[in-house]
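**Student:** Quick one: the structure is below, and I'll ask about it shortly.
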Amino acid sequence: MVEVYRGHNARLSLEPEQVRKLDAQAHAARALWNLLHDWWTMVGENRRVSVKDADAVIRQARKDIDWLAVLPAQAAQAVLKTYVQAWKNCWEGRAGRPLFKARLRSPMSVDIPQGQHMDITRVHRRWGMVNIPRAGRVRFRWTRDLPVGRRADADNRITGARLVKDALGWHIVFRVHTLEEDPQLHSGGDVGIDVGVTVPLALSDGDHHDHGRPSRMKDGKADRDKWLTIEEKAELARCEHQAAHRKSFRERGERTSRRLSETYDRIRALRARAKRRHLDWQHKTTTDIAKTYGTVVVEDLNITNMTRSARGKVEQPGKNVRTKAGLNRSISQEAWGRTVSLLEYKLARRGGALHRVPARGTSQRCSMCGCTTPGNRESQAVFVCKNITCGWSGNADYNAARNILHLYRMGLALVPAAGRAAVRRARRAEPATAR
């Protein structure tokens, strides 16, 4: 048996008064972080202020400042623990220095560190109820069975939660602790996966997974809003036009008007709806792949370099800048890195494994004869081998997926970054005679 820690995200259904209370708590938590950051840096970060002193400062601040007292005491303690852990990560080289949290760029969130007083119950097939400090009894969307009531014990329970707000409203993320059996070795076969823009996921066995939505518009330009319906696209275009019109009347440095802010909120809500639909498709697709195959092989892509701008410099301007910008948007919208991350943990949960292989030459190599030349890739979707003795032709994504699986079977799988670090530490710890 192994301990498993998971998170479950659920949508909250709040009254207007409850929304105002949670907004006030989130602003208080962000302000507490900033005040703690100013005090910590003023006293001296090198002296490493004790947590006891910081706790005393927070208690006094909650007594002196009324709008800071709306934050529950346990949530304030969670802010302190998170801030101290951020400095520990900085000192140990795992992360950078903690920074000031700006109001417009920081997500609104409130932590509920303890779960025994949440009193989670299921009242309907689709809805559940939970106690939120200083907000009362709140309904949330029930989409997965949780260890509550008679199902909860010392090994299966909810240890806490976190309230997060996005463009679609407030959500609650439960921290679930369960005790499960160690998964057995997956009995599925091996498969190579090639990620793309036209075909999101192409498998080496000839199968493919697409989202059923056109990736390009009729005029040939990349469709940035393919996860929205026709009516939602028209509404998004109308909101963007209104935002541009209203912004033209605002002077530089002038405060944003209420109408313009409401228009921005509507645009963000439509974008968040498209992202949510894409994430839902990714979850369903990766779950289906993890159930079918035991070993999944993908390319080790450097997406940051792939989406780098082709604008160039003044002395050496780039070529096809607008075309490359559209390709970059399409790559970013597909979220290949998130797909791989979902596959990795879902395969490990079912006893499978995910491996990465070098991406060099996988799209130019013929999977039948091994001939590698840039001329093999005639177009984005068609592959034709230029070898006279071969001449194989087929789908380019399918060919690349077969090459990815071939590299894994040849023993060219890459060691993960965590594994490489462990190997380096082990080598430094070995005595000189062992080398």
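**Student:** Among the residues of segment 280-337, how many are aliphatic (A, V, I, L, M), in a loop (DSSP other than H, G, I, E, B) and free of Cβ contacts under 8 Å to residues at least 24 places away in the same chain? Working first, answer last.
**Tutor:** Taking segment 280-337 first, the residues aliphatic (A, V, I, L, M) are 289-290, 296-298, 301, 303, 306, 310, 314, 321, 325, 327, 331, 335.
Checking which are in a loop (DSSP other than H, G, I, E, B) leaves us with 301, 310, 314, 335.
Those still in the list that are free of Cβ contacts under 8 Å to residues at least 24 places away in the same chain too: 310, 314.
Final tally of qualifying residues: 2.
**Student:** Could you check segment 370-410 and list, in sequence order, the residues that are in contact (Cβ under 8 Å) with a residue 24 or more places away in the chain and within 13 Å of Gly206 (Cα to Cα)?
**Tutor:** Asn395, Ala396, Asp397, Tyr398, Asn399, Ala400, Ala401, Arg402, Asn403, Leu405
**Student:** From the list Val43, Val79, Val19, Val49, which one is more than 27 Å from Phe174 (Cβ to Cβ), in contact with a Phe, Trp or Tyr (Cβ under 9 Å, 6 or more places away or on another chain) and of a type in the set (A, V, I, L, M, F, W, C)? Step through it out loud before you land on a result.
**Tutor:** Details: Val43 fails: in contact with a Phe, Trp or Tyr (Cβ under 9 Å, 6 or more places away or on another chain); Val79 fails: more than 27 Å from Phe174 (Cβ to Cβ); Val19 fails: more than 27 Å from Phe174 (Cβ to Cβ).
Checking each option against the conditions leaves just Val49.
**Student:** Scan segment 115-142 for residues that are modelled with pLDDT under 90 and within 26 Å of the chain's Cα centre (by Cα) and report the count.
**Tutor:** Going through segment 115-142 one residue at a time, the tally reaches 1.
**Student:** Given (1) of a type in the set (S, T, N, Q); (2) at pLDDT 95 or above; (3) out of contact with any Lys or Arg (no Cβ under 9 Å at 6 or more places or on another chain), identify the lone condition not met by Gln25.
**Tutor:** (3)
**Student:** So, in segment 354-371, exactly how many residues are surrounded by fewer than 16 Cβ atoms within 10 Å (Cβ to Cβ) and assigned to a strand (DSSP E or B)? Even if it seems obvious, please write down each step before you answer.
**Tutor:** Taking segment 354-371 and keeping what is surrounded by fewer than 16 Cβ atoms within 10 Å (Cβ to Cβ), we get 358, 360-361, 368-370.
Right, trim to assigned to a strand (DSSP E or B) and you get none.
Selection size over segment 354-371: 0.
**Student:** Another question, if that's okay. So which of Asp205, Asp210 is at pLDDT below 90, under 22 Å from the mean Cα position of the chain (by Cα), surrounded by fewer than 18 Cβ atoms within 10 Å (Cβ to Cβ) and within 30 Å of Ile404 (Cα to Cα)?
**Tutor:** On the way: Asp205 fails: under 22 Å from the mean Cα position of the chain (by Cα).
Answer to the check: Asp210.
**Student:** Next question, about the same structure. Among the candidates Lys324, Lys291, which residue alone is modelled with pLDDT of 80 or more, under 23 Å from the mean Cα position of the chain (by Cα) and not hydroxyl-bearing (Ser, Thr, Tyr)? So that I can check it myself, show each step before the final result.
**Tutor:** Numbers: Lys324 fails: under 23 Å from the mean Cα position of the chain (by Cα).
Just one listed residue meets the conditions, Lys291.
**Student:** Identify all residues within segment 45-97 that are basic (Lys, Arg) and either touching a residue at least 60 places away in the same chain (Cβ under 8 Å) or assigned to a helix (DSSP H, G or I) (or both); write none if there are none.
**Tutor:** Correct list: Arg47, Lys52, Arg59, Arg62, Lys63, Lys81, Lys88.
**Student:** Residues that are out of contact with any Gly (no Cβ under 7 Å at 6 or more places or on another chain), assigned to a strand (DSSP E or B) and on the phi > 0 side of the Ramachandran plot: does segment 146-158 have at least one?
**Tutor:** No.
**Student:** List every residue pair whose Cβ atoms sit under 8 Å apart, with the two residues 6 or more apart in sequence or on different chains, where the first one lies in segment 15-42 and is closer than 17 Å to Lys165 by Cβ and without any contact (Cβ under 8 Å) to a residue 40 or more places away in the chain and the second, anywhere, is crowded, with 16+ Cβ neighbours inside 10 Å and not hydroxyl-bearing (Ser, Thr, Tyr).
**Tutor:** Ala31/Leu68
The values are calculated or read from the model by the stated rules, or taken from the named source; none is laboratory data. Quantities reported herein were computed from a predicted structural model and do not represent experimental measurements. Cβ sites come from the backbone with ideal geometry, for glycine too, and all protein chains shown count toward neighbours.
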